[in-house]
Structure formats: structure tokens, C-alpha cells
Amino acid sequence: MKNNYLGCICFALAGLLVSCTTAKPTGMRAENLTFNPNAYTTGSITVDGKAVNYRAYEGITYVANPVETTHTAWQQMNIYVPESAYNDQSAPIFFKNEIGGYMPADPAQISAASRDGSPSAIQRALAKGYVVVSPGARGRTSQEVYNPGDNPFAPAKEASGDYIGKAPAAIVDLKAAVRYLRYNDAVMPGDAEKIISDGTSAGGAMSALLGASGNNPLYETYLKEIGAADTRDDIFAVISFCPITDLEHADMSYEWLYSTMNDIRKKNTGGGFPGGGAGAFGSPDARMPGNPVNQSTLPVLRDDEKALSAELAALFPEYLGSLGLVKADGAVLTAADALNGVYLNYIKEFVIVSAQEAFNKASDKNSFKSTYSWLVFDSTGTVIKDINFPVYLAYVMDKQPLKPVPAFDSLGVLGGASSGENDTFGTAAINGNNFTGFSWYKNAANQGTFPDEIKERAYLMNAMNFIGAQNTDTAQNWYIRHGTIDRDTAFTVSVNLYTKLLNKGYDVNYKLAWERPHSGDYNLDEVFAWIAGIK
Ligand code: DHB
């Protein structure tokens, strides 16, 4: 009897402890997840000469337990409803993330013009009658900053400065935003079963991952922690421009592709990515104005860098073989195919298709041929039958110098310059980490075995792991583009993503986009025609 009594007290105390640690202390924010359809402002934009009136719901917090920070936009979304959809429950939702460089992102504003002054993707989407949603998301530099919220009597508290946006935070936030839309589907204009996600680069990787990993239970604990709505997070369609995905294998892919060029490969010396800091992404960014690169002043690779490159390249065949990808002709790509030219020919085919389309459209065929001297035409002079691959790669590298070796999981992470990806896999207290076994063991500053904890987070950030996986609802519709002069990740990354999706029965519109550098949201007429055609 006595024992039972004690047991009860212990049980009650344990319960109290649990509730103390999970409940939010006074002064922290707890948000209501119910959407209020009446709390909007109105506005109007002109798209291609046509005025579009809209209702704006801006700064909507999409989780019940937002992270502790004064920068509240990271877990908020902006929602824009065009007049045509005010009372329409069936309009698709164009879900555009602004993530770049694995940095934190704020929700986009509908009024913001695109860089070249033409209507932005979300402006076009609004004009097409879609509900536009842009979610913010945490990223690699997000830090905790004490936020008293609405409570003026909240006790003063030190900001911990902890990192709160390391992987997999960005994808967890996007999933939470999708859940918010589905949770509120009945009271919101638009159809949460028709979410079309769009993103570029790191944002393209997150868009692909969002589509690949719908409802996968591995994210559940993270979603609970931030108070995501308890509902599904699968989506209808993915638009992904130049996805920097498959980070687990991106270094070996990069070196498989480019190690053949090591004798003329220039070494990057500086940063230049906005917010990236020195060394982030290894080079000035071609998209940024005022970033001309005089390659002749850059050094070539040292012998130890060449050796490292060869070591990484040698890991790729086994990886390729492990994917078991099947080409359109029914042949399975084996490890041997990475060495015997079969896989290289497969990559070439995508470049050839892209070049042929451009050639057919070119008004001056001769000048096209002389500019792209690496294209090999058949005897009629009108059909491209091959490309001189090393000369093509040299052309790509000439547009922008390649990344350093390794391209993503930098060895300097605990001492010298680290990459943006290193910083993506930091922890609350540590800014950057190696995230592949290869670089972990190569970097003398690391101690002990490569931690499972980091390995698991790298897994959770990779779209390739979730396509058609068990307990997962992968999006049916995919539009993927990767530029023919984009050297930010190997062409193999998007080719493999496409092939795996196709093999698993998804509908994929994939192309290497002719003469496009690392960039996104181009060819918007084509993009919206594709959206209109998916079912
Ligand atoms: C981005 C570009 C990169 O080269 C990279 O490694 C990661 C992200 C970007 O533009 O988002």
C-alpha cells in the first residue's frame, strides 16, 4: 500500500516534469493555427498590362510554437488571393519559397518586381488566378534572439544566440507551412490538394524534397516540436530549378564530372555569395552583377587537390550502381557504366536535346555552330549527333570557375573557410560541420567516428532518399530545369533525380536549359503552360 502510494507520487512528479519541459514558459509565443479569412488588406498589381486585384494576408504564423527570435518572418507566410479566387475553393496554390544558399528566407511580397523588371513568378501566378503562398523558413544563419512577443511583462532573458535553423529546419518549416494550408483548407480560398511548390537552387532542393518526402514519418518529431498542424504534408506538384540536392553524394558527383579537367581547372579563391561570407560556395556568383571573374589570374589545382579530386571521383561509380537507374531504352545503369562511357553518353543526350532545340530556333545557324564548336553535326549539317565533352566542360568552366575540391563538404570547416553547406549542418552551438563520412575523416580537426546524428540530418535533406519510399506520398508532377552552363552542382545530380522519379512512375518534365547559368524562374510561359496541363 505504502509502496503504491509512493509510486503514485513519483508518477505524478514525473508527469509534472514532463509538462514543465514541454510547455512554453511565460513570455514565449504560442500561436493559433486557425486562419481568419476576414483579416486581409487589399491591393492591385499590373501584370502584362492587366490589373489584378487581390487580398493580402501577410505575416501569418504557420506553427503553434514558433522559434524564439525577433525575426518572426521565418515561420510566417504571405498569402495573396486574386479577385477571381475570392470564393473559389478549387484554385491551385502556387507555393513559392525564397530560399537561396541554404540561408533563412522571408516570405516574398507580391509587389516586389523581379530583377530584370519583368513580372515575377508569383505575379504571373496571381494573374493566372492561382492563390499565391510564400512561406518563410529558417536557414543556416538563423539564431535565437529573445522575443517577448505580446507579453510586456515577460521576464528579461538572455538571448542564447543558439543556431535554430540548421538542417533539417528549412524543410521542416516548409512542411509545417503546407500543413497549415491543409489544416485551414475549408476556410481558405484555394485547394490545398493542389499545392505547386516552386524554388531555385537551395530553394529548388527544398522544393524537390518537399515533393519527394510527403508525409514521411521521419520528420514528425521536428514538426511536433514547432507545433505544426497535425495533418498531411504531401503536395501535388514540384517546380525545381537547379536543385542543389543529393548533398550526400554531390562531391563525388562533381569530381566524377570535372576531375577530367583538373589540369586546366582554376581554383577559386573567394566568396561572393550574398550572405555567404568568405569561401561560401567557393567562388563569386555569376548571377551577381559586378562579379566578373578573370580566370587567368586564378591558380590551378595543387597536386594534393588533384589527388583528392581523383579519390572522390572514384567513389561515384559504386554510388551510381547503387541507384539502379533505368534509362529510357530499358538498360539499367551499373557502376561499370560510370567508367565505360555509357553513363557519360546518357548525360550527353540531355545536352544534345537542349542544343538541338536551340539550333532549330537559331536564326543564324553558322554563327551558332561557330559559337558552340563542341557540337558535332551529322553530314546534313542540321542534326547534332554528338558533343565533344571535354570542350563543352571547358566552355562551362570558362563561364564561371569551378568550385574548390571538395565542392560542398569543405575540409577547412573547422579551421579555414567552410562552405555554405557545412554551415547548413551545424548544431545549436556549432556553426559548421562536415556532413559526409569522406570529408569527416579527411579533416584532421574532427575527432571520433562520423556521428550518426549528422548523417541522419544529411539523409533528411536529400530528395533522392524519399522518392516513392515506404510510408511516403511523393508528388505526382515534376518540372525540373538545370542550365547547360550551371557549374554549381554536377549535371548528374538533376539527371539522376529525373531518372529516379521517372523510374518510380512519376510524371516529369526535365530538361537541361540551354545557356542558362545557375538561376531560376525563367521561361515562365512554359512553366505556366505546364502547370495548366497537369492533372
Ligand atoms: C546555392 C548555390 C550553391 O552553389 C550552393 O552550393 C548552394 C546553394 C544557391 O544559389 O542557393
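The values are calculated or read from the model by the stated rules, or taken from the named source; none is laboratory data. Quick caveat: nothing in here was measured; it's all calculated off a predicted structure. Here Cβ is always computed from backbone atoms with ideal geometry, including for glycine, and neighbour counts include all displayed protein chains. For accessibility, only protein heavy atoms count, side chains too; no ligands or nucleic acids. Shrake-Rupley method; radii C 1.70, N 1.55, O 1.52, S 1.80 Å.
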*asked:* If the reach is capped at under 26 angstrom between alpha carbons, list the lysines near LYS399, excluding any in the same chain fewer than eight residues apart.
replied: LYS266, LYS267, LYS306, LYS348, LYS361, LYS365, LYS369, LYS385, LYS511
*Determine the sum of side-chain charges near VAL52: Lys and Arg each +1, Asp and Glu each -1, restricted to other residues whose C-beta is under 12 angstrom from that of VAL52.*
+2
*In whole percent, how big is the carbon plus sulfur part of the accessible area of the chain, probe 1.4 Å, protein atoms only?*
53 percent
*Under the span-like rule (Cα at least 24 Å along the axis, Kyte-Doolittle mean at least 0.5), DSSP H helices of the chain*: 2-22
*Which of the lysines could be linked to LYS224 by a straight reach, that is with a Cα gap under 25 Å, when you skip same-chain ones fewer than 8 residues away?*
LYS24, LYS96, LYS157, LYS166, LYS175, LYS194, LYS455
*Between segment 456-535 and segment 109-132, what's the alpha-carbon centroid distance in Å?*
22 Å
*So if R0 is 22 Å, what FRET efficiency would THR427 and ALA335 give, r being the distance between their Cβ atoms, rounded to the nearest 0.05?*
0.05
*asked:* Give me the percent relative contact order of segment 308-451, please, defined on Cα pairs under 8 angstrom at least 6 residues apart.
replied: 12 percent
*In whole Å, how far is the Cα centre of segment 85-103 from that of segment 291-368?*
33 Å
_Between LYS365 and ARG115, what is the label-point separation in nm under the 7 Å Cα-to-beta-carbon projection?_
3.5 nm
*Report the full-extension gain for the segment ASP378 to ASN32: residue separation times 0.36 nm, less the Cα-Cα distance, to one decimal in nm.*
118.1 nm
*State, as an integer percentage, the relative contact order of the chain based on alpha-carbon contacts under 8 Å between residues 6 or more apart.*
16 percent
*For a quick protection proxy, order the peptides 303-315, 228-240, 170-182 by their average other-Cβ count within 10 Å, most packed first.*
170-182, 228-240, 303-315
*What does the accessible area per residue of segment 46-185 come to in Å², with a 1.4 Å probe and no ligands, DNA or RNA counted?*
37 Å²
*Say each of LYS385 and ASP452 gets a label point 7 Å from the Cα, pointing the same way as Cα to Cβ; how far apart are those two points in nm?*
5.6 nm
*Given labels modelled 7 Å from the Cα in the Cβ direction, how far is it in nm from LYS442 to THR42?*
6.0 nm
*For LYS50, which aspartates and glutamates qualify as cross-link partners when the Cα separation must be under 17 Å and same-chain residues fewer than eight apart are set aside?*
GLU83, ASP525
